[in-house]
Amino acid sequence: MKQPVSRIDTTELTLNENLIYINRVAKVMKGGKRLRFAALVVTGDGQGHVGIGIGKANEVPVAISKGGAQAKKNIIKVQMAGSTIPHQVKVKFGASEVLLIPAAPGTGVIAGGSVRPVLEACGIKDILTKSLGNTNRINVAKATVLALGKLRNTKEEVARRKSPAPAASAPAPAAKEEVKPEKAEEVSGG
């Protein structure tokens with residue numbers, strides 16, 4: 001499901017990392033249980049850039065730093081309409097489904113679970129959301145980022161669709177010249 005993403009230069013952005021969830025994983029070994037940690041981290045600048053990452057390590061701080069590094073690699077630019085989103089969008093990732101609905105100014109972020117930190121890191125102030133299906137935090141966060149990535153500016157999209165298609169690269173057919181058949185001479189047998 002990886003899509004080629006044009007890389008955004010993160011050196012110019014002032015990014016804030018936020019830890020969404022830490023999962024403690026216990027693997028049963030011969031000598032006992034081996035504990036490892038998976039950290040789900042969201043990073044954003046509050047002005048339309050957001051990314052999520054998952055870091056796994058034997059210790060929590062290392063997992064968080066790995067997740068932050070992964071989140072910086074996966075940053076996307078989100079189309080916004082003021083403090084909300086331009087249109088409604090519904091996206092499914094795995095068994096998790098997220099519905100994002102634009103809201104009037106002053107509504108606030110009506111979201112729960114992993115959706116809220118992703119939207120706050122992005123800088124969206126007014127939005128209504130509904131998380132449908134499975135509530136797995138990782139899949140809900142990924143579905144939210146996919147939904148934000150699918151947003152388009154409605155005015156620009158309408159203008160793009162209404163603009164005439166570019167001329168085809170094939171040359172126009174040449175005008176055919178009429179060829180008059182020559183009179184065939186009758187051959188008389190003698």
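Summary of computed values
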| read-out | value |
| --- | --- |
| Restraint check, K72/K142; K66/K130; K92/K142; K66/K90, Cα-Cα greater than 18 Å | K66/K130; K66/K90 |
| Net length gained if the chain between K130 and L99 were fully extended (0.36 nm per residue, minus Cα distance) | 10.6 nm |
| Cα-derived Rg over Rh, computed across region 54-131 with Rh taken as Kirkwood radius | 1.04 |
| K27 paired with E12, simple spin-label distance in nm, labels 7 Å along Cα-to-beta-carbon | 4.2 nm |
| Region 1-78: trypsin sites (Lys or Arg not before Pro) in DSSP coil with no more than 12 other Cβ atoms inside 10 Å | K2, R7, K30 |
| Lys, Arg +1 and Asp, Glu -1 on Cβ, resulting dipole of region 12-131 about Cα centre, debye, nearest 20 | 820 debye |
| Isotropic mean projected area of the C-alpha convex hull, region 1-142 (nm²) | 9.6 nm² |
| Span from the region 140-161 Cα centroid across to the region 29-85 one, whole angstrom | 22 Å |
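No value in this document is a laboratory result; all are computed from the given coordinates. The shown structure was predicted, so the numbers you read here are calculated from the model rather than taken from an experiment. All Cβ positions, glycine included, derive from the backbone under ideal geometry; neighbour counts span all protein chains shown.
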